[in-house]
1. Which condition breaks for S113 when tested against (1) open to solvent by 70 Å² or more (accessible area, probe 1.4 Å); (2) at pLDDT below 85?
2. Would you call I205 of a type in the set (A, V, I, L, M, F, W, C), touching a residue at least 24 places away in the same chain (Cβ under 8 Å), touching an Asp or Glu at 6+ places or on another chain (Cβ under 8 Å) and assigned to a helix (DSSP H, G or I)?
3. The conditions are (1) modelled with pLDDT of 80 or more; (2) surrounded by 13 or more Cβ atoms within 10 Å (Cβ to Cβ); (3) within 20 Å of G185 (Cα to Cα), and L80 fails exactly one of them. Which is it?
4. Which condition number in (1) within 14 Å of the chain's Cα centre (by Cα); (2) surrounded by 21 or more Cβ atoms within 10 Å (Cβ to Cβ); (3) of a type outside the set (G, A, S) is the one that L171 fails?
Amino acid sequence: MKDSDYLNDISEIKTMMSRSSRFMSLSGLSGILAGIYALVAATYAHFRIAEVSAYTANSNVGEAIGRFLLSYDAIGDLMLAALLTLALALLTGAFLTIKKAKKRNEQLWNPVSKRLLFNFAVPLVAGGLFCLVLLQYEFIGLVAPTTLIFYGLALLNASKFTVGDIKYLGLANLLIGLVATQFIGFGIYFWALGFGIFHIIYGVILYNKYDK
């Protein structure tokens, strides 16, 4: 056999091993769209918080009642916006992933994708529950950093079962989440950076590397 034949055989073996251990049908376009959704949600959150802050500053309700308004009015709206963003990102990701898996003739629901989903979901669900505890005790300023930290951990945990590039997105979100803990009150901007800008950059890289 020629050297080129050996190289082709080795390449095919590596591809087969990769498919058996990693789920490779994640869509770069879904990352870009998820980032856009997050930026829209962050923009809404910015103006919603500014609206409540302006009302508190221009009225005689006082700081205590102002905090009450922010906690039980604006926070509800922000949580709804976050849940809608998450739902849109998941639906878009699922649709584009199914489409890509069919194109690659890759089985969507297999042992690898199950491990991927499990390893991604455990830190994410734990982080979501912890955020509810933070809201319960009114540690509102730590919610945005916490979502970034646990999301970063979820991506790092899942990176063993999919494209390796996802670990860099996880590390970036983890780091800015930790930094955000030192800038309470600016969490929404770190949130926009992590879930918005970083997601778009990651999506573009993934699209150019795997989707073309």
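1. S113 satisfies every listed condition except (1).
2. Yes.
3. (2)
4. With (1) within 14 Å of the chain's Cα centre (by Cα); (2) surrounded by 21 or more Cβ atoms within 10 Å (Cβ to Cβ); (3) of a type outside the set (G, A, S) applied to L171, the lone miss is (2).
Conditions tested, residue by residue: (1) farther than 19 Å from Y202 by Cβ; (2) in contact (Cβ under 8 Å) with a residue 60 or more places away in the chain.
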{"position": "L86", "(1), (2)": "no, no"}
{"position": "T92", "(1), (2)": "no, yes"}
{"position": "K102", "(1), (2)": "yes, no"}
{"position": "L129", "(1), (2)": "yes, no"}
{"position": "P145", "(1), (2)": "yes, no"}
{"position": "I149", "(1), (2)": "no, no"}
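The values are calculated or read from the model by the stated rules, or taken from the named source; none is laboratory data. Please read all numbers here as calculations on a predicted model, not as lab measurements. Note that we place each Cβ from the backbone using ideal geometry, even for glycine, and neighbour counts take in every protein chain shown. Heavy atoms of the whole protein, side chains included, go into the accessibility calculation; ligands, DNA and RNA do not. Shrake-Rupley method; radii C 1.70, N 1.55, O 1.52, S 1.80 Å.
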